[in-house]
1. Out of all the residues in the range 249-293, which are among the small types (G, A, S), open to solvent by 10 Å² or more (accessible area, probe 1.4 Å), assigned to a loop (DSSP other than H, G, I, E, B) and modelled with pLDDT of 95 or more?
2. In the range 565-603, which residues are in a loop (DSSP other than H, G, I, E, B), out of contact with any Cys (no Cβ under 9 Å at 6 or more places or on another chain) and either within 16 Å of R555 (Cβ to Cβ) or open to solvent by less than 30 Å² (accessible area, probe 1.4 Å) (or both)?
3. Looking for something aliphatic (A, V, I, L, M), at pLDDT 95 or above, over 23 Å from F498 (Cα atoms) and out of contact with any strand residue (DSSP E or B) (no Cβ under 6 Å at 6 or more places or on another chain) - is there at least one such residue anywhere in the range 576-585?
4. Which of (1) open to solvent by 10 Å² or more (accessible area, probe 1.4 Å); (2) within 29 Å of G218 (Cα to Cα) is the odd one out, the single condition G129 does not satisfy?
5. Looking at the range 67-122 only, could you name the residues that are within 22 Å of Y206 (Cβ to Cβ) and aromatic (F, W, Y)?
6. Can you name the residue in the range 451-471 that is assigned to a loop (DSSP other than H, G, I, E, B) and touching a helix residue (DSSP H, G or I) at 6+ places or on another chain (Cβ under 9 Å) and, of all such residues, is surrounded by the most Cβ atoms within 10 Å (Cβ to Cβ)?
7. Quick one: would you say K328 is open to solvent by 30 Å² or more (accessible area, probe 1.4 Å), at pLDDT 95 or above, touching a Cys at 6+ places or on another chain (Cβ under 9 Å) and farther than 26 Å from K477 by Cα?
8. With among the aliphatic types (A, V, I, L, M) and touching a His at 6+ places or on another chain (Cβ under 7 Å) as the only criterion, which of A125, A157, A181 stands out?
Amino acid sequence: MRLHNFTKPALTAALACVMALTGCQKSDENKESTSDQTTSAAEQVNTPSDADTSEGNTMTSLEVIREMGNGINLGNTLEAYNHQAYLSGSSPTLAETSWGQPTTTQEMIQGMKNAGFDTIRIPIAWTNGMNFESGDYTIDSRLMDRVDEVVNWALDADMYVIINDHWDGGWWGMFGSADQAVRDQAMEMYKSMWTQIGEHFADSSYKLIFEGANEELGDRLNDKNITGSKGVLNENECYETANLINSEFVKTIRSLGGKNADRFLLVAGYNTDITKTCDDRFVMPEDTADSKLLLSVHYYTPWDYCGTDGVNQWGSSGDYDEMNGLFKKLSKFSEQGYGVVIGEYAVMKKNGGIKEDTDLFYSNLMDNCDLYDFCPVLWDCSNFYKRITNTLADDTLAELFSSRAYSKQEGISVEEIKAAAQTRLEESYNFAMEESFADVELLPSDDAAIAWIMYQSADYTKSYSVGDSYDPTNKTKGIKEKNALITGEGTYTVSLDFSECGSAKGVAFAALGISNGEDLFPGYTISIDKILINNSPYQLDGKEYTSSDDEHCTRVNLYNAWVSSVPDDARTPDGDLTDCSAQIMALGDKTFVESITITFTVHAPN
């Protein structure tokens, strides 16, 4: 993503985009470490990569993924978008600090290597230094030289280096324009950009990897940032265009000189989303080089935990199931011989700091990466690696990253690494199974219909089981719930109590859900009898309707701003959809919710 430190003005829009699809402070042991956890650049001994030999790049993509170890992003730095100021003469180093990060130094890069990161991903906004609006696609030499400097610091530190084109002001929306001429300009600019980059770095080490895009190859090809209007591509056309762009990326780099003939190339998945990328409509491009393509996806799942302050815990059996299942699905690419890079992952807090259970999340993610031949690359904007002081913010995470450095696994067979990862995954899951539902009254079950309130506060700091899967562990700690087992027609009551974790501020999303409702009680409808906010009656702002997003969970939207019209499957007890709305409980952001209680009636079909 492009807005990961939660400090830039576009945060609200970013969260809304994600929702449309996409806590508590830790104890003293997790306060920022003041100890010196890095060594000077002079103390680092470089080891040449097996890829750089007189015979060319001899490694396969699966082999290089293992050597890439684990990585870190130089986030919100060279991709900081300051286009007009740059064209007006602003220096590259000033532009790279415009999103709140310090000027990059060689000591900073070396410190990342010493902390156990074998790979650095450097997001870049190339159009910052390109007067593309006038049709001139030449990359400013000052920008190219600055990128060259930072890349070489990383190569000198014996790191693998990934450079890409990262959001870049949203120019990618030109590919979705209704005007074919604008689409043609987009492809011309894209090929010109990578031709210049490829030629400039043609003789650089094979440890330099080009990544053709960030998260833009997919739905965001319809972005309106540059064109001024939303694009016209449907999803099938977005897949086709993404495949075409990836193909042109590979062909362009391979046509250039030097080491580009067999350099590793990182191909962006659709939306860099695992499920979307595993869709058969996404196709890896053909390549003239043998086993030199890598695949890039990102992992911020579940978003309520990774990207908001609403859910401040992770580690239920459902959490492990979700992560392990998605990574297993993604392994189809490594089984086909493609190394996979998790180009971004992170657990973030709005005001910085380390969220509770981050170590569990990261550890399980890295175990999956060991098992399936993936390289994890942490998204970081001085949240973990403090770039000003070159120190680490959390000792537990520091030990975790250090333990997963390539040097710590060197000499251990691939089979042994995978077996150890599998054992850790099983142990973590078994422990979670024992602990997850100790205090849960109604356990999730395929054979039970359970009603609950999905809730996300307006400031995203309070959350309870948002989504069509009933998960009473996916919540802000301290919320007390009363859920209901649905046995058929009748009146039921469900509630949420926020008194132990602080009032919820308004509502960003809320719904009444019944797990397995469509399966166990097909065609049934729901009427809302009464809603109490802080024990006082709330007058609904419209008429409720019953529907389902996934054909399994029955839902009544209470406040869903992303549903602007009544869906085709909507139904009501009286058959009348007049005045029905998905926004019938529009609590303002100045409403402080201490409790919410809903009494409703389930009706059998007539």
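1. S255, A289, S291
2. S565, P567, D568, D569, P573, L577, S581, A582, I584, M585, L587
3. Within the range 576-585, one or more residues are aliphatic (A, V, I, L, M), at pLDDT 95 or above, over 23 Å from F498 (Cα atoms) and out of contact with any strand residue (DSSP E or B) (no Cβ under 6 Å at 6 or more places or on another chain).
4. If we test G129 against (1) open to solvent by 10 Å² or more (accessible area, probe 1.4 Å); (2) within 29 Å of G218 (Cα to Cα), just (1) comes out false.
5. F117
6. My answer is V466.
7. So K328 fails the test.
8. Details: A157 fails: touching a His at 6+ places or on another chain (Cβ under 7 Å); A181 fails: touching a His at 6+ places or on another chain (Cβ under 7 Å).
Answer to the selection: A125.
The values are calculated or read from the model by the stated rules, or taken from the named source; none is laboratory data. Not measured: the values here are computed from a predicted model. Please note: Cβ atoms are built from the backbone with ideal geometry, for glycine as well, and neighbour counts cover all protein chains shown. Accessible surface areas use protein heavy atoms only, side chains included; no ligands, DNA or RNA. Shrake-Rupley method; radii C 1.70, N 1.55, O 1.52, S 1.80 Å.
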